[in-house]
Ligand code: 3HC
């Protein structure tokens, strides 16, 4: 294999994501920051640490930080319990993770992946701060946004050529896909570096998407989820029948309403709104039931109640 010109040097043994062993491999990026430790941020932090990176995770308050840390703990324990991860590897993964409330802690990072709530103002503020804090002019500033144009976030910085979309899928430790989204100003070098990190270091499969609302996967997935919610809202079919239909009839791993609960109703709503804003097609407009449930805090698994209850 020809070494990538972007690769750094290997300093000691690294972790592989698959088999529970240390392996020697090219380390493209060693110092990683993850901003936000919710459903996606915790998964991204976990896979980055499992792959041998030194990961600093930043949250905005202590409660969210503890919840994120517990999520990573549970996920690693589950992987150990199912025999997919050796205990010592899980321990080293823990050792690779540092949790903090200070964005300033990211000053020496080579790659920062932003995964805060899907709110444009919040993400813009994070990128403006990262631009100020991260010293390395070559550092890659990535976003896991599923709905906000990459170029908008890039323009909050003075280095738009370093800003790129790296869109992971939930649960991140299980699903292999990363969508790579370059804006009109992302440099070819940044794109190559992000691709190499996702594939060579994290072992993910990469597809590329233009900087358009929904990218590839959500542009297909969200209209399907919205259709299921409309079916339920109109009384066409019950939640159980809709989901059973797609699981048993089409061999999907879960039905659309259970999947909306997994993604989070707030996130589904945010993506639907951005798709509707971009394309103005009526089938992309969020159904009122989705808006009302989100306003009521019925966000799915993360709140304990969505289309189904998770309280027990
Ligand atoms: N962390 C680590 N491992 C996990 C996990 C987690 N959070 N959740 C599940 N797993 C592992 C389990 O350990 C298990 O491994 P094993 O088979 O080796 O024992 C395996 O995944 C299957 O898990 P379970 O047996 O508990 O449950 P299921 O077989 O029902 O699978 C599921 C659960 C993986 C969530 C599966 O139902 C699935 O893939 N669903 C579809 C998820 C999906 O479509 N996600 C994409 C959402 S879109 C998105 O994220 C983009 C955003 O922008 C909207």
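Assorted remarks:
- Which listed residue, of 49, 79, is in contact with a strand residue (DSSP E or B) (Cβ under 9 Å, 6 or more places away or on another chain), within 22 Å of residue 204 (Cβ to Cβ) and either away from the ligand (no atom under 16 Å from the Cβ) or assigned by TED's automatic domain parsing to the domain that holds residue 178 (or both): 49
- Any hit, segment 253-264, residues being out of contact with any strand residue (DSSP E or B) (no Cβ under 6 Å at 6 or more places or on another chain), buried (at least 17 other Cβ atoms within 10 Å of the Cβ) and over 23 Å from residue 310 (Cβ atoms): no
- Filtering 268, 244, 199 for residues that are without any contact (Cβ under 8 Å) to a residue 60 or more places away in the chain, more than 10 Å from the ligand (Cβ to nearest atom) and under 20 Å from the mean Cα position of the chain (by Cα) leaves a single hit, 199.
- Filter pass, residue 210 being without any contact (Cβ under 8 Å) to a residue 60 or more places away in the chain and under 19 Å from residue 171 (Cβ atoms): no
- Residue within segment 130-140 that is outside any loop (DSSP other than H, G, I, E, B), buried (at least 20 other Cβ atoms within 10 Å of the Cβ), touching a residue at least 60 places away in the same chain (Cβ under 8 Å) and within 14 Å of the ligand (Cβ to nearest atom) present: no
- Of all residues in segment 108-121, those being over 16 Å from the mean Cα position of the chain (by Cα) and surrounded by 15 or more Cβ atoms within 10 Å (Cβ to Cβ) number 2.
- Within segment 29-43, being closer than 16 Å to residue 100 by Cβ and either free of Cβ contacts under 8 Å to residues at least 12 places away in the same chain or crowded, with 23+ Cβ neighbours inside 10 Å (or both) holds for 32, 33, 34, 35, 36, 37, 41, 42.
The values are calculated or read from the model by the stated rules, or taken from the named source; none is laboratory data. Remember, it's a predicted structure, so these values are computed and weren't measured experimentally. Cβ atoms come from the backbone with ideal geometry, glycine included; neighbour counts cover every protein chain shown.
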